[in-house]
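Below: the structure, in structure tokens.
Laboratory data are not the source of any read-out in this text; all were calculated from the coordinates shown. This is a predicted model, so every value here is computed, not measured. Backbone-built Cβ (ideal geometry, glycine too); neighbour counts: all protein chains shown.
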Amino acid sequence: MAERENRGRGRRRDERDETPEFADRLVAINRVSKTVKGGKRFGFAALVVVGDQRGRVGFGKGKAKEVPEAIRKATEQAKRNLIRVPLREGRTLHHDIEGHHGAGKVVMRTAPEGTGIIAGGPMRAVFEMLGVKDVVAKSTGSQNPYNMIRATLNGLGRESSPRMVAARRGKKVADILPRRDEAPAETEEA
């Protein structure tokens with residue numbers, strides 16, 4: 001009887017622990033204060049990006065009286081809010097993307113092998129946790145790290161792979177991708 005009861009919730013928790021470990025990156029910590037009758041009470045807000053470095057990434061924010069507790073809360077929230085992003089050759093994006101959230105605007109472009117991650121602060125953390133090796137990105141809006149991360153994830157959420165496009169159109173992947181021998185040749189003018 002005890003074994004039958006144990007099969008339910010405990011087993012699911014064990015399966016979750018066996019999943020690949022996530023890497024996390026602390027993006028920002030903000031000290032906030034509340035003025036009360038006896039003085040000031042300080043708290044901390046943490047912004048964390050979590051990913052498996054193989055195409056899944058998420059972010060979370062946590063608030064607490066102590067820094068480690070705020071980071072722990074943010075990490076747990078980030079693991080609950082993971083999104084999957086298709087990557088080309090496991091190293092870059094399939095196509096150029098624009099993302100926005102509020103006043104935060106970002107532009108992300110594919111890059112040839114060896115380029116590395118050319119992106120600033122919070123966007124760099126997202127790409128590193130996602131597992132992207134080559135990308136060029138620019139933030140043209142808000143400098144607020146919360147809005148930059150949300151704008152980046154907004155753009156990444158709208159990325160589609162050739163397989164997804166082919167399935168949506170009811171075609172084969174080979175029909176979607178251009179053939180190398182049929183690429184438009186540059187005309188030579190004499």
Among Val107, Pro145, Met123, whose Cα projects farthest towards the positive end of the dipole of the stretch 86-176, with charges put on the beta-carbon of Lys, Arg (+1) and Asp, Glu (-1)? Val107
I want to check the label-to-label distance for Glu113 and Arg179. Put each point 7 Å from Cα in the C-beta direction and report it in nm to one decimal. 2.4
Per-residue ³J(HN,Hα) for the stretch 57-64, Karplus 6.51 cos²θ - 1.76 cosθ + 1.60, θ = phi - 60°, Hz, x for Gly and Pro: 8, x, 10, x, 10, x, 10, 7
5 Å is the cut-off here: which amide hydrogens, built 1.01 Å from N in the peptide plane, fall below it relative to Ile117, excluding neighbours closer than 5 in sequence? Val135
Does the stretch 85-175 classify as rounded, prolate or oblate by the C-alpha gyration tensor (a ≥ b ≥ c root eigenvalues; a/c under 1.5 gives rounded; else a/b over b/c gives prolate, otherwise oblate)? oblate
Return the sequence-ordered ³J(HN,Hα) values of the stretch 78-88 in whole Hz as given by the Karplus equation 6.51 cos²θ - 1.76 cosθ + 1.60 applied to θ = phi - 60°, using x for Gly and Pro. 5, 5, 7, 10, 6, 10, 9, 10, x, 10, 7
So, with +1 on the Cβ of K and R and -1 on the Cβ of D and E, and no other charges, what is the size of the charge dipole of the stretch 86-176 about its Cα centre, to the nearest 20 debye? 300
Tell me which residues come under 5 Å, amide H to amide H, from Val27 once H is placed; ignore anything under 5 positions away on its chain. Leu47, Val48, Val49
Name the lysines eligible as straight-distance cross-link partners of Lys40: C-alpha to C-alpha under 26 Å, and not fewer than 8 places from it in the same chain. Lys61, Lys63, Lys65, Lys73
